Structure formats: C-alpha cells, structure tokens
Amino acid sequence: MMLQFFCLQGVFMLLLTLSAHPMGAWLAPLAAGRVSGRWQRVDAMLLRMAGIRDEGMGWRQYALAVLVFNLLGALLLYALQRLQGLLPLNPQGMGAVEVGSAFNTAISFVTNTNWQGYAGESTMSYLTQMVGLAVQNFLSAATGIAVAFALMRGFTRRESADLGNFWADVLRVSVYVLLPLSIVLALVLVQQGVLQNLSGYTTYTTLAGHAQTLAMGPVASQEAIKMLGTNGGGFFNANSAHPFENPTELTNLLQMLAIFLIPAGLTHAFGRLAGDRRQGWAIYIAMSVIFIACAVAVMAAESQGNPLLTALGIDGGSGNWEGKEVRFGMAASSLFITVTTAASCGAVNAMHDSLTALGGMVPMWLMQLGEVVFGGVGSGLYGMLIFAVLAVFVAGLMVGRTPEYLGKKIEAFDMKMVALVILTTPALVLLGTAASVLLAPGLAGLANPGMHGFSEVLYAFSSAANNNGSAFAGLSANTPFYNAMLGIAMWLGRFAIIVPVLAMAGNLAAKKTLATTNGSMPTHGGLFISLLVGSVLLVGALTYLPALALGPVAEHLMIWAH
Amino acid sequence: MQSIVANPNLASRAERALWWPATRLLLGLTVLLGLIYPLAVTGLAQVLLPAQANGSLIVQNGQVVGSALIGQSFGKADEFWGRPSATASSPYNGAASGGSNLGPANPALAKAVAERIAALKAAGPVAPGPVPADLVTASASGLDPHISLAAALYQVPRIAKVRHLDAGKLQQLVLQQAENSWFGSQATARVNVLRLNMVLPRG
Amino acid sequence: MGALSEKIMTEKKISLPLFDPALLKPALLDSVRKLALREQLKNPVMFVVYLGSVLCSVLWVMALQGQGDAPAWLTGSIAVWLWFTVLFANFAEALAEGRSKAQAASLKGLKKATIAKKLAAPHRYGAGFTLVDASDLRKGDVVLVQHGELIPCDGEVIEGIASVDESAITGESAPVIRESGGDFSSVTGGTRVLSDWIVVCATVNPGETFIDRMIAMVEGAKRRKTPNEVALTILLLALTLVFLLVTVTLLPFSVYSVNSAGSGTVISLPVLLALLVCLIPTTIGGLLSAIGVAGMSRLMAANVIATSGRAVEAAGDVDVLLLDKTGTITFGNRQASAFIAAAGHTPVQLAEAAWLASLADDTPEGKSIVVLAQRLTRSPAVLHEGEQSGHNTLHALQQGLTPAGVSFVPFTAQSRMSGINLGSRQIRKGAADAIRRHIQQQGGSFSTVLQQQVDDIASRGSTPLVVAEGAEVLGVVELKDVVKPGIKERFAQLRQMGIKTVMVTGDNRLTAAAIAAEAGVDDFLAEATPENKLALIRDYQKRGQLVAMTGDGTNDAPALAQADVAVAMNSGTQAAREAANMVDLDSSPTKLIQVVEIGKQMLMTRGALTTFSLANDVAKYFAIIPAAFASTYPQLALLNVMGLTSPASALLSAVIFNALIIVVLIPLALKGVRYRALGAEALLRRNLLVYGLGGLLLPFAGIKLIDMLLAVLGLV
C-alpha cells in the first residue's frame, strides 16, 4: 500500500513539475502587467469593453480596489442567496438561504475560503451555484493572484510607486487563465462522469426496490474552477468525495493537479519576473519538501488504521476506512487530504473529522502554517514570500548585512507588515478557538467528545482564518454563533493579510534594487530552501504546539496507549 | 509609509472612480463567468457527452435502475452489501450526501462498527479472517458505489449459500468484476456493488 | 604613516578585559537602577518579563495567604527567577555601557578647564586678547594659541603655522603641522600646540565639539536605535505577542480539557507566566541593546568615532571600497630602483646628474635617488677628477652647502620640474611630459625610444622620472611604488565577502593598472579628481551598490558626503570631517576595512542570538507542556523526552535556564560573534549550524542538567 502511495505521489509530483513550468511562462507576462505581442489588440479590445484604463495604482489604491471589489462581490452573493426563491434556474424550488448562513457563505466564497456551513444539494438553487458561488470561485481566485502579482511587482520594480492596475489584473487573470483552463477541465470531468445539466433531481427505483433520488446540476463547470481557484466549495455536501463530483481515480488526480497548478505556476512566474528562475525554483522546492513530508505522514498515519476498531476484529492493516471512498483508498485519499490543506483549497475526498488523530493533525497543521505550502492561488505565494522575508531577515543579519531579498533591503516598515501578517492568523485561530470552547453556543456545536471535540473547533478556526475551507465536519457550524465567528475570521484572515502585503509591496517597489554580490545571502540554493522550510515549520510549531498537544497529540497518545 | 509617492492626480482620480469600475467589472464578469461559461459547458456536455452529463444512469429493461457512480442500499442476505452509509434520513440518500464525521476515538464509532460486524455475521457465513474494514465503516459521501475486493469475497460464502451457488464460481464472478486501482495490487482492488448485484445469477 | 598602517594591518585591539572588576560593581548597581519603569519601557520584550515578574510576585503574596492556585514555594521560585531574568538583562546592558564609559573617561580628561585667549577685532595676530574660559567660546570666536598651550576648541586655523601634538586623540606621538588654508587647517580642541602660534576660528558651540560628541556617543546618552535594531525589535515584539496569544489562550484550552477529561487541574497562572517568559525571545531581547553599545565600543577601540550607530550598521552593508592608493595599498613613498640611460649616455652619467638634481630634494623620492646614485657610483666625487673647481663644488654640495655659482631650482606646480643650475650646466628632472616640453623649448628632441622606455616603466606600475641636461635627455629614473605585503590577500578576503575594492590614484592609467594588478584590487580610478571620484561613487550607487571611502582633503568633502559610509581622517579638514559619518583618529587609510568588519560583526551577533533565542523554544515546550498538562492528560508525559524529575522541577529548570542563558551569553554579546572573512553562504551555513542547531539542542542538555541539580539538592 505504501508502494502504491509512493508511485502515486511520484507521478503527481512529476506531472506537477512538468506543468508548473509552462504555467509559469503563461502567468509571467500577466504578472509583469502586460500581454504578449499578438494578444495586445485583443487585450486592448477587452479592456475597452470593460471600460478599464490600464493605469498604474499605488498600493493604497490597489488595496482600496481589492476591498471595494470584494465587498461588492460579497453583497451580490448575499443578495442572490436571499432572493434565490424568486429567481429562475431553481428546479427544486429552494427557498431563501437563512440570514446567518447567507452571511457566512458570502464571506466564505469571496475570501476564497469556501467553508460550507450548508449542504449544497439541499440549500442552493442552480442559479446561486452558477452566478453566485462559481463566479466568486473565479473572482476570489483572480483577486488572490492579482495581489500576488502586485507583490511580485513590488520586489522587481525599482523606485516606482506603481503596483499595476487591479481591474486589469482581475480581468486578465479571469479571462486569459482561469476561464480557458476551466472549460478544458470541465469537459474532461464530464467525460469521466461528472454531472453537467440543469435538470431537476432524478428519482428511480433501485435494484433492491427502494426509491433513490439523485441530486443533479451544472457540477462540472463549477468543479473545474473550484479546483483551479483553490476554492474547494463543493456543489454537494460531500464535496469531492461525492461520486458525481469526483467519480474516478483520474478525476481525483486531475483535481489534485488542478489545485496545485496555479500556485506552482506562480512560483515559476515569480522566478521569471525576478530575472532569475532559480528564485522561483527555490520557493517551489521549499513548498514541495514540506508537502511531500506531510503527505507521507498522513499516509503513514492512515494506513496504520484505528487500533480501537482493529480490536473489534476488523482488518486494521487495510487502513482507517471510516469516512473514505473505496475508489480512492488510503493512497489517493491521503494525497488528496494533503494537497487540499497544503493548498488553501479545502475540497475533500474523505471526511477529515474521521481521520486518525495524527492523520487529522497534519492537514490542520498545514493550514496553521499559514497556507503557504502552495497555498491558495496567489495567497500561497504571497504568504510564502512573507516567510521568505522573515527568513531572510534573520539569516541576513547572520551574514552581517542589512537583510535583503531580491536586492530589496528589508527594513522596519517591511518588518512591521510581516509582523502584522504573522500575528493576524494566530490571533484569529487561537482567540476564536478559546472563545468557542469557553462559551455555551460554541460548545453546543461539538459532535465528538473530549480532545476530538477540541480538535474540531481548532480545525474550524484554522481553516477559516487561513481561508482553507475544509472542516472536521462533525462540528455543527451552521449556527448563529459559528456563522458569525467564522465569518469574521475568514474576512480578517483574508483582508487583514492582503492589506499589509500590498503595503509592503508598495514600500518595496519604491526602494532601490541593490546589486547582489558574494556578500549578499543567496536566495536560491539549498541553504536558503532549508532555511525557508525551517522558518515556516518553526513558526508553525511554536505557535500551535500547545494547542495541538491538547487536541490530536493527546488523542493519538490515548488511542495508542493500549 | 512616507516612501510611497504616488502621482497625486492619478490617485485622486482613481479613488473617485473606484466604485463604478468595480461594479461594472463585477457585473460584466458575472455574466461571462456565471452565465455564459456554465451554459456553454452545459451545451457542449449535453451534445457531446449526454450520458455522463446526466448521471451515468443504468437502464435495465427500459427502466432506470441506478447510476454507475452511485451506490445503493443493499441489505438482503442474497445480495452483496455495500458500505454503511451515513447520509441524512436514510442510507444512500442521493440528495443528501455526507459521512458520519465520527472521530477515531468516539465510542459511537466503535459501537456502530461492532453492530455492523454482528449484523454481517448474523446474516450468514462469512469468509475466514478479519472483517474487511471498508465493509463496516461509513464512506465519505454515503454514496460510495464500491467495496473492496476483499469485502466482496468476504460475503461470497453467505451469498453462495443463500443463492445455492458454487462458492468457487461466485468467487470467479466477483474477481471478474474487480477493478484494479492505480499502482495497486489485489489488496487495493474494488468492486462496483450495483453492477455485481446486477449480474448475480440464481442457483 | 607607513609604520602606523602596519600596526593597523595587524589588527590592533585596545580592549578592556571582559569582566573588569572595576566595572562589575557599578554595573551591578545599574542593573537594579534600571528596574525603573521608564527604563523598562524602552525594551518591549523585557517589559513583558518585567510585568510578568510583578504579577508573579503578587500571586506569590496571594499564595502565601492561601489564595494561590499553585503552591506558594513554586510561585515564589518562579517570581524570583523572573526577576533575575530582568536583572540579568539589565546587567548585560549596564556592563556594556560601563565599558563604553570607561573608554570615554580617558577622552574626558581632555575636557579640563582651558583658558582661551580670545582675540579682539581685527582678529589678527597681534590684536589684543582677553582671557576667557574655553567653555564660553561660541562659534565664530577667534582665539590665539601659542606654543605650550592647549587648543581650546575645534576650529579652523586662519593664520599662522604650528606643530601640534594630537596624541591625546590619536595616540600617535609624532606632532603634525597645522596651518591656515589647505588641507591641514583643522584643529581639535584638547590638543596641544608644540611650537609657534596659530590663530583659530571656533567652528562649533560649546558642548558640540568633536570630543563632546564623541563622549556623548560613547556614553550612550544619545544612542538611538539603529534601523536594523528597530526592524529587529518589531519582529521580536510580534513574536512576543504571538507567544502572549499562545499562553493566554492556553487557559481556556486547559479549562475545556479539564472539563471534558473530568480529571486534573486547570493550568495555574504562575505556570502560564513561566511558559510565557520562557517562550518570548528574552535572550535576544535582553542582550539587544548591549550588542549595540558593544559594537560602538569596538569601533572606539579601533579608534574610530561614528557619528551615528546607523553608520556602523551601514558599514556592514558596503559593497564597494574606494581606497586611496597611497598609504593604503602602497607605502606611499616611491623609491628609485633603476637608472635607465638614454642612447649615447652611460648609467653612471645619468646617476650623477640625477644625484645632483636631487640633492636639494627633501621628498622621500628625492632622497631615494641620492641613496641609489651613491651606491651605484661608489663616490660621485671621483666623477670629475682633475677638475679642481668642480671637485670643490661637489665637496661643498656633499656637505649640504650651496656653493657659489650653484642654484637649486625648486619644484613648482607650473614647471613641474626641479633641478640644479651648476654653472652652465642646467640639470632638470621631472615627469616625462614636463621634461619633453622643457627640452623642446630648448631645441632638443625627445626620442621615440625614450618614450618607449618611459611607457615601459609606467606600465610596470613605476613612476618614470626623466633627467635632462640642457636640451639633452640623459635617461630615465625608475621610481618604484612598493605595494604593502599582505594587502593582496586582504583584498582576496574582501572579494570573498562580496566586497569590491577600487583603487583611487592620481597616477596615469598605465601606472595605475600595473599597481592595481600587483595589489589585486578589482578596479581602479586613475588620474582621480574630486569630480570623477564623485561620479564614480554615483555610478556604483546607481547600480545598487553601497560605497565606502576614506578622505581627508576639503575637496574630498563632496565625495565623502555622497558615499554611504565615509571615514574622514582626523588629520583632515573640518569640511571633510563634517561630510563624513565616521572619523578615524589614527588617520589610517586601511581603517575602512576594519570598520566594515566591525559593522558586519554587530549585525551577525544580533542575527545569531535571535536565531539562538527562537530555536531554544522547542526544548522549553518539551519541558513545560507535559508538566502543565500531565494531570489532565497523563499520556502527554510521553512528551517529557528529557525525563525531568517532576512537573515543578521541569517548570523551574526551564525558567532558570532561560535566565542563566542571558548571563552565559553576555561575553558573546560584548565581544561579538567571531568574525570570519567568508562568503555569505559559508557564513550563513556556519552560523546556522552553531546558533540554529546549537540553539535547538543546547537547552535540552541545559534544562536536564539544571533539573538534575535541583533534584540532587533536594530542592524539588
């Protein structure tokens, strides 16, 4: 079984590495703020149609544009959910979504979290799914990528106040990158069995003579962008575990690749923009190292099975099967679990709440690392670059120079922004969890007793604040308390990071670019990669070790104590 | 912050005009990505791949009896059982997918598994060896169409007995139905329960 | 200058013993004095420890009254060690400051009350003066200083010339000449006039003199945080807040755990405080300001005064060093090494003429020609046997006299030649182009062969000096510029550190190129003028490089002001000193290299201790987490990998280790981590291994050791 896993992981990494390269070449000109030669006329036409003048923005305007655009997006999505009963494309006659849930869901999809407090097939009309949720799948992804572009420009522009134009970035990313990829992926998914229709739910009598109703809908078109945009909000409640969302091993592999495709491509685009592709490789390798190690850890934990069940006479050697699908087995499930939480996707092909204690701790920790191991589209790169700045700062001092990254000196203002970023998510996660395990409405949501219940809450806030969206889904989160708490965590976890990132980008762009010499710390070699990996892991470990000790670690030690 | 010197004219003009471009862009992209895109994909799918796009339904004698991708609730002694389903209101509820979300140390999980083992063993003879884990644990979607090959073979003695079949031949049938998983061995092979039950002969 | 440079090259260190008993006592007192709230607020990390100590003390008192949630002895012990943590950090800072003050004290001796002779109008020599106290002098006042008197203030010589003993500042005993106008017009208060008199115009107000500023700097009174220190403090503050969140939320987590497990007790406040203080970066937080003060101190020990800590830090970042050839790369005094006769003349004839032409030349070059000529011709006197009058003349010249009919032609900026008129003989020596012009005026010609010889010499890096008699060229004297031994290796080291060396010289391109090759510099600027020096600096800066240079003359001021790190020679003019951000009291041109090293060392020390501090936390978790939660979840005892005796001893050991490590690291903070001239990558690998991995592992051993000690002593 382990062999099967390593083969699968090998193929996955090979395909990812091969596709990241052209993806980087595709994204790089857009990141630089232009389109390649023959597309220029098309581009000019598109911009004119959208009424956009491609003028440079300073970081403040860029940030304001991000906020305004996303605020409007959230309002539109909220309105759609509340009014869906009156709107067309609603064959099942779904009524208005409840206020708290609609609020939570609007924020969830706008922030690229795609936390789902609702069950798709029994809550959302086709119109809401298409025009509301799927559109935000595109736009939240484009927003993340645009912010990453702005940060890349910050690193690579010299003495400039111009971070590019947010409107043009969103438009170009959506139309030139996300849309074509989605169309192709959607059709492949349909070929494999993913639904794509607007019919009402199908009912028939089964072989055994029961009535069975199957939910229907335009699934493939949403599934494609759900993965490519690292959104993860499933059309159905069971998400990518549902056979109509993820019917085969091939779709499973494609979905995993789709999740990592753009985050991986962005690292290469970053290298191209920096004029030194090794810089991109370094980030890519650092991410890969953590990812591979974590995937192996999940697989090792899951294939051990659950000793409490083995004791009842079941075949523990086949792994921990509760909450997993047979067509994926331990190998493809473990890999997917790691992919979806390393990236801030949050789609699931297995129920994370039922993972073994350690198998569940790894995805939780991957989120707590700040979603920087590939991470969300755009957000993964800018998050990782924040860590790179942090690593460079400490290491740079150690080589006796004012720390610099890509020729930009890292100074007090930059550190302030880094400090805000590394403070925000731990504050949201730890304070949110603390409030929930103290207060009655928080405790009411717990599905599992004891340490696992604690893990459910910790997982929820880790997921929300880091914009992942996966869950230990036993937690009954569709309550006013959790809808509000998690909604706030998602909003701040997204925009309280984006604003300092843009501020740093602006500050960096305005700086001179220093020449690199033998005395500057190289940021492309093995040493830097280990340093970056070390910083990410150390910060993650130091921040969350006590909480993890009281949740999954204690649970693991208890389960295996006998 | 003082280091940022944006062109003040450019700044004020753009700030004034922040809401309008945002609205225009949001609405434009909503039409493109929320209507044109999914409708176009639906159109293509319905023309090119109608069977898959509508649920890979299996028709027997002119009647839809299920989907090749969705499991069904089987509980009679003479049919192969699928995996336990934790879907809301009834097992294998195709309109309410979901798993049990029971944690590994939750006593409710051990209790449920113990009950399922007992039910399996009560229904008839089983193959020797430990109970295949997937046969007594709930799937993620509650709609898992498969069981492991081991789980199918485990049930062969019961079905052979009830249906008066030769256990060896039934085992052959099961093995024919088995699908291999990527890079896998027999230990990770699986069987589509609906398809298997559809080809089950009576002795 | 040569000898002095040599001394610097061998890294002279004027340093105090690390724990000078005379400094310890005041430092100990200061550590207590620094417990004042105002002092503590300066350092956010230690302020958290301070608040923790106060809170823990209150909890102790409550525990003594039976109201505590932890045993009184444990709370008390934690409180005591938290206070020690604060005190140790205070002590580190106090000790560093004490050492700096001791260095400043020697300078303070210069500030003895001095009486100044303040001149009345017209502020010329001879005008009447009044005696005033030196501290009353304002900028613009004019004073007379006569031999034997102390110069009362920093100023500019406006009249007169004098030799001045500046050893009080520079430590160099040889007196220097100070005169009005030119590059040697600046004087420093506190130095002594040895001969003659000068009229000095004060350039600063009282309390702002050079020495005042030096003392203020060193005493730390005006020590502001450097940019890097600010950035680092922000990071440390952020980490402190993260750990504050971690510990604060641990209380509700613990409450939940106890409720759901139905066993154990909720984590107590003293334990939370102990955990918090262990986790926040106290090691670097406690030593940060000591590192800064010690960095300045090291610079002082090298006899360099920085006008700000910012400059010291910038020195670490320098990419390009502009070094004056003379004095830095070569000894500066060129030596005659060969006589190359022109066609039709013998080397002896040439030597004799060169000897004559150099008799009155007091420059090192001239003297070296005389020495070489005498060695080559045994005795020049035999050259003109039979010529009685000539013999007499020669004899007189040898005695250093100027016989009749002989006149010396001094070097002037116009003619750019010097020589001797000996009866009808007109012997001249000078640069090739000057002599060429000279003989062409006389109707002579400068052969191409000769020009070839001149070029050959220049391309060897030597200076050709052409000797002519009348309209005829006798030959060329080769003056060799001697490159200092060891300098090439030094530059190779710098190159490895990523620092580019650029030689600046007034020599022509050929000469410069040869010396540059011999010395192993990366680039050179020949025929340097203040303008092209400035242009060169701007050019490097445009390419994103930071430039450091040394300078002394007034015409260096623009370049000094433009350079990122500018070291002015103390012997230089006031203008140069104002434009620079460091002043080298030794006026040693090689000092720049040392300054760069000190700057790098300071940054490295900060980085190393930050890494160490953070890496320490891992072990502390393994000590405290099982201790804090073992009653709720006994299975967590498995995390007690160090096998610590009891929860209480684990807790105390971690806190004690956390406090003691500050003391253990004080020497490192004061001396700085060992500096090595390595490339960034090698340096980082080394430091990561030592301070990263070391920081990860050491506390496991340390905490275990303290725990064993506590157990053996029966304290827990």
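The values are calculated or read from the model by the stated rules, or taken from the named source; none is laboratory data. For clarity, every value in this text was computed on a predicted model and none was experimentally measured. For neighbour counting, all protein chains shown are included, and Cβ atoms are generated from backbone atoms with ideal geometry for every residue, glycine included. For the accessible areas, the whole protein counts, side chains as well, though only heavy atoms, and no ligand, DNA or RNA atoms are used. Shrake-Rupley method; radii C 1.70, N 1.55, O 1.52, S 1.80 Å.
A few remarks follow.
- Flag for B:Ser89 being in a loop (DSSP other than H, G, I, E, B), open to solvent by less than 40 Å² (accessible area, probe 1.4 Å) and either within 7 Å of another protein chain (Cβ to nearest Cβ) or polar (S, T, N, Q) (or both): no
- Within the range A:203-224, tally of residues that are β-branched (Val, Ile, Thr) and facing another protein chain (nearest Cβ under 8 Å): 3
- Residue in the range C:51-63 that is at pLDDT below 90 and of a type in the set (Gly, Ala, Ser) present: no
- Per-region count, the range B:40-56, residues over 18 Å from A:Ser182 (Cβ atoms) and more than 7 Å from chain A (Cβ to nearest Cβ): 3
- Count - residues of the range A:386-408 that are in a helix (DSSP H, G or I) and either facing chain C (nearest Cβ under 7 Å) or within 17 Å of C:Leu688 (Cβ to Cβ) (or both): 11
- Matching helices (runs of 4 or more DSSP H) fully within the range A:298-382 where at least 3 residues are under 24 Å from A:Val539 (Cα atoms) and either of a type outside the set (Lys, Arg) or within 14 Å of chain B (Cβ to nearest Cβ) (or both): A:329-342, A:357-368
- None of A:Leu46, A:Leu27, A:Leu8, A:Leu14 is open to solvent by 80 Å² or more (accessible area, probe 1.4 Å) and either at negative phi or assigned to a helix (DSSP H, G or I) (or both) except A:Leu14.
- Considering residues of the range C:628-640 that are closer than 18 Å to A:Leu542 by Cβ and in contact (Cβ under 8 Å) with a residue 40 or more places away in the chain only, the residue farthest from the other protein chains (Cβ to nearest Cβ): C:Ala628
- Qualifying positions in the range C:621-640 - farther than 19 Å from C:Leu74 by Cβ and outside any helix (DSSP H, G or I): C:Tyr633
- B:Gly94 satisfies every condition listed in (1) more than 10 Å from every other protein chain (Cβ to nearest Cβ); (2) closer than 20 Å to A:Asn237 by Cβ except (1).
Each row is one residue, and each column tells you yes or no for (1) modelled with pLDDT of 80 or more; (2) open to solvent by 20 Å² or more (accessible area, probe 1.4 Å).
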position: C:Arg298; (1), (2): yes, yes
position: C:Ala314; (1), (2): yes, yes
position: C:Asp317; (1), (2): yes, no
position: C:Leu323; (1), (2): yes, no
position: C:Asn333; (1), (2): no, yes
position: C:Pro347; (1), (2): yes, yes
position: C:Leu350; (1), (2): yes, no
position: C:Leu359; (1), (2): yes, yes
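- Entry remark, the range B:143-202: residues being open to solvent by 20 Å² or more (accessible area, probe 1.4 Å), within 14 Å of chain A (Cβ to nearest Cβ) and among the polar types (S, T, N, Q) number 5 in total.
- If you filter the range A:194-244 down to residues that are touching a residue at least 12 places away in the same chain (Cβ under 8 Å) and part of a strand (DSSP E or B), you find that the one that is surrounded by the fewest Cβ atoms within 10 Å (Cβ to Cβ) is A:Thr213.
- Matching strands (runs of 3 or more DSSP E) fully within the range C:398-488 where at least 1 residues are open to solvent by 40 Å² or more (accessible area, probe 1.4 Å): C:406-409, C:425-430, C:463-469, C:472-480
- Test: residue in the range A:428-438 that is surrounded by fewer than 21 Cβ atoms within 10 Å (Cβ to Cβ) and farther than 23 Å from A:Pro546 by Cβ: no
- In the range C:529-549, residue most open to solvent (accessible area, probe 1.4 Å) [restricted to those that are without any contact (Cβ under 8 Å) to a residue 12 or more places away in the chain and touching a Leu at 6+ places or on another chain (Cβ under 7 Å)]: C:Asn532
- Qualifying residues in the range A:409-443 (those that are out of contact with any strand residue (DSSP E or B) (no Cβ under 7 Å at 6 or more places or on another chain) and part of a loop (DSSP other than H, G, I, E, B)) - the one modelled with the lowest pLDDT: A:Glu411
- Test result for A:Leu486, open to solvent by less than 30 Å² (accessible area, probe 1.4 Å), under 30 Å from A:Ala65 (Cα atoms) and either within 11 Å of another protein chain (Cβ to nearest Cβ) or at pLDDT 95 or above (or both): yes
- Residues that are in a helix (DSSP H, G or I), surrounded by fewer than 24 Cβ atoms within 10 Å (Cβ to Cβ) and at the interface with chain B (Cβ under 9 Å from one of its Cβ atoms) within the range A:127-166 comprise A:Leu127, A:Val131, listed in sequence order.
- Number of the exception - A:Val188 against (1) within 30 Å of B:Asn93 (Cα to Cα); (2) within 12 Å of chain B (Cβ to nearest Cβ); (3) within 23 Å of the chain's Cα centre (by Cα); (4) surrounded by 24 or more Cβ atoms within 10 Å (Cβ to Cβ): (4)
- Enumeration of residues in the range C:666-695 that are assigned to a helix (DSSP H, G or I), buried (at least 19 other Cβ atoms within 10 Å of the Cβ), touching a residue at least 60 places away in the same chain (Cβ under 8 Å) and within 11 Å of chain A (Cβ to nearest Cβ): C:Ala680, C:Leu683, C:Asn687, C:Leu688, C:Tyr691, C:Gly692, C:Gly695
- Criterion (in contact with a Phe, Trp or Tyr (Cβ under 7 Å, 6 or more places away or on another chain), touching a residue at least 40 places away in the same chain (Cβ under 8 Å) and closer than 19 Å to A:Leu8 by Cα) met by exactly one of A:Ala331, A:Ala295: A:Ala331
- For the range B:97-129, a residue qualifies if it is open to solvent by 10 Å² or more (accessible area, probe 1.4 Å), touching a strand residue (DSSP E or B) at 6+ places or on another chain (Cβ under 9 Å) and either more than 8 Å from chain A (Cβ to nearest Cβ) or at pLDDT below 95 (or both), and the qualifying residues are B:Arg116, B:Lys121.
- Scanning the range C:550-575 for residues that are open to solvent by less than 20 Å² (accessible area, probe 1.4 Å) and at pLDDT below 75 returns C:Gly553, C:Asn570, C:Gly572, C:Thr573, C:Gln574.
- Failed criterion for C:Val663 (all others in (1) modelled with pLDDT under 90; (2) open to solvent by 20 Å² or more (accessible area, probe 1.4 Å); (3) assigned to a helix (DSSP H, G or I) hold): (1)
- Subset of the range A:513-562 [assigned to a loop (DSSP other than H, G, I, E, B), more than 7 Å from chain C (Cβ to nearest Cβ) and farther than 21 Å from A:Ile290 by Cα]: A:Thr516, A:Trp560, A:His562
- One residue alone among C:Ala526, C:Ala513, C:Ala517 is among the hydrophobic types (A, V, I, L, M, F, W, C), surrounded by fewer than 17 Cβ atoms within 10 Å (Cβ to Cβ), on the phi < 0 side of the Ramachandran plot and at pLDDT 85 or above, and that residue is C:Ala517.
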